[in-house]
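Asker: The structure follows.
None of the figures in this text is laboratory data; all of them are computed from the coordinates on show. Source: prediction; values computed, not measured. Here Cβ is always computed from backbone atoms with ideal geometry, including for glycine, and neighbour counts include all displayed protein chains.
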Amino acid sequence: MDFVHPGALGGDHLTPYKILFLPYPVMLAESAAAAVKEYVAQGGTVVAEARLAWNDERGFASPVIPGFGLDQVFGAREMLIRPEPEPRLIIQPSTDLPGINAGESIVAAAFEEDLVPLTGSRVLARFPGGGAAMVENTYGRGKTVLVGSFPGLAYQRKHDPSTRQLFLSLAEAAGVTPEVEVSGPGTSQLEVRRLVSSHEQFICVFTHSSDPAQATVSLRLPWKVKEASDVVTKQDVPVQSEGEATVLHKDLAPDAIWVVRLGRQ
């Protein structure tokens, strides 16, 4: 995941990305709104939270929310908004997000923003009271999803699995595949970081658990591996290929750190 500065949204900066998330987007510059519109028209997917572009960069409020004409891009408008300590997004039967079933409840935060779907859009989720809570729309060659609450804030606070699955499902539906996957007993608190260049990668594996882990790390690399070595012990590290993935195995002690250098073939 990359964090893109709002000032860098124009031009070709967004071209490499399949999906763009706009968390808590209550203030948005007009130039950023135009860049989002162009990105969607060219085939990108954008997921935005409540009150999109309510204020511009000077603090002036838009008479229509989403502002700057983004209501047409996202296929919905705000009807009303009300405070709610823990809003719930109830997934609708017509929703086809991978890994999420109809009737599931997604935890959000702060507000319920009832949305009015425009012609051609469809409702993915509703609030318990029946108001449209999440609306999907197509615009140009791309797609948008407008969420009438703040699931990002909810996940920051509580890390609820339902909110996590929503973000993962939206990314998967947009064609995103993870470059790093971890599996194996005891790996629920295992973290992988990478240092990347055109000819090598350093894979840094951290265990944040007091229990040992039997880790399998699968990597999608843009090239084949010629050599792999443990940065600390200088010993060679066995590498396996499984389809398009490069796979590393390691039994890790509690609170261990493992750093592997992968060299390009």
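Asker: What length, rounded to one decimal in nm, is gained on full extension from Asp2 through to Val247, with 0.36 nm per residue of separation minus their alpha-carbon distance?
Answerer: Using 0.36 nm per residue and subtracting the Cα-Cα distance, I get 85.8 nm.
Asker: In whole Hz, what ³J(HN,Hα) sequence does the range 180-196 give by Karplus (6.51, -1.76, 1.60; θ = phi - 60°), x for Gly and Pro?
Answerer: So the Karplus estimates, Gly and Pro as x, are 9, 10, 10, 8, x, x, x, 9, 5, 10, 9, 10, 10, 10, 9, 10, 10 Hz.
Asker: About its Cα centre, what dipole magnitude does the chain give when the only charges are +1 on Lys and Arg Cβ and -1 on Asp and Glu Cβ, stated in debye to the nearest 20?
Answerer: 260 debye
Asker: Another one. Write out the GluC sites (Glu not before Pro) in the range 169-265 meeting two conditions: DSSP loop, and at most 10 other Cβ atoms within 10 Å of their Cβ.
Answerer: Listed in order of number, the matching sites are Glu244.
Asker: In addition: Students often forget the sequence filter, so: which lysines lie under 25 Å Cα-Cα from Lys18 once same-chain residues fewer than 8 apart are removed?
Answerer: Lys37, Lys143, Lys224
Asker: Would you mind checking which residues have amide H under 5 Å from Tyr17's amide H? H placed 1.01 Å from N; only 5 or more apart, or other chain.
Answerer: none
Asker: Loop only per DSSP, at most 14 neighbouring Cβ atoms within 10 Å: give me the GluC sites (Glu not before Pro) in the range 32-140, ordered by residue number.
Answerer: Of the GluC sites (Glu not before Pro), the ones in loops of the range 32-140 whose Cβ has at most 14 other Cβ atoms within 10 Å are Glu57.
Asker: I would also like to ask the following. Please build a GNM for the chain, connecting alpha carbons under 10 Å apart, and tell me which residue among Val176, Val232, Val107 fluctuates the most.
Answerer: Taking springs between Cα atoms under 10 Å, the residue moving most is Val232.
Asker: At q = 0.22 Å⁻¹, what log₁₀ I(q)/I(0) does a Debye calculation on the Cα points of the range 151-240 give, no solvent, two decimals?
Answerer: Each listed q maps to, in turn, -1.29.
Asker: Counting only chymotrypsin sites (Phe, Trp or Tyr not before Pro) that are in a DSSP loop and have at most 10 other C-beta atoms within 10 Å, tell me the longest site-free stretch of the chain.
Answerer: So the longest stretch without any such site is 61-265.
Asker: May I ask you to list the trypsin sites (Lys or Arg not before Pro) in the range 27-90 that are in a DSSP loop and have at most 11 other Cβ atoms within 10 Å of their Cβ?
Answerer: Details: sites: Lys37, Arg51, Arg58, Arg77, Arg88; in loops: Arg51, Arg58.
Sparse-neighbourhood loop trypsin sites (Lys or Arg not before Pro): Arg58.
Asker: If you stretched the chain out fully between Thr233 and Arg122, how much longer would it get, using 0.36 nm times the residue separation minus the C-alpha to C-alpha distance?
Answerer: Values: separation 111, 0.36 × 111 = 39.96 nm, distance 5.60 nm.
34.4 nm is the gain from fully extending Thr233 to Arg122.
Asker: Candidates (1) 20.6, 77; (2) 21.3, 64; (3) 16.6, 45; which is the computed Rg and Dmax of the Cα atoms in Å?
Answerer: This structure yields the entry labelled (2).
Asker: May I pose another question? May I have the pair-distance distribution P(r) for the range 80-226, computed from all Cα-Cα distances with 10 Å bins from 0 and rounded to whole percent?
Answerer: Result returned by the calculation: 10, 30, 28, 21, 11, 1.
Asker: About the Cα centre, and with charges only on the beta carbon of Lys, Arg (+1) and Asp, Glu (-1), how big is the dipole of the range 180-264? Nearest 20 debye, please. Before the final figure, lay out the partial values.
Answerer: Details: 9 positive and 11 negative charges, 74 e Å.
Dipole of the range 180-264, to the nearest 20 debye: 360 debye.
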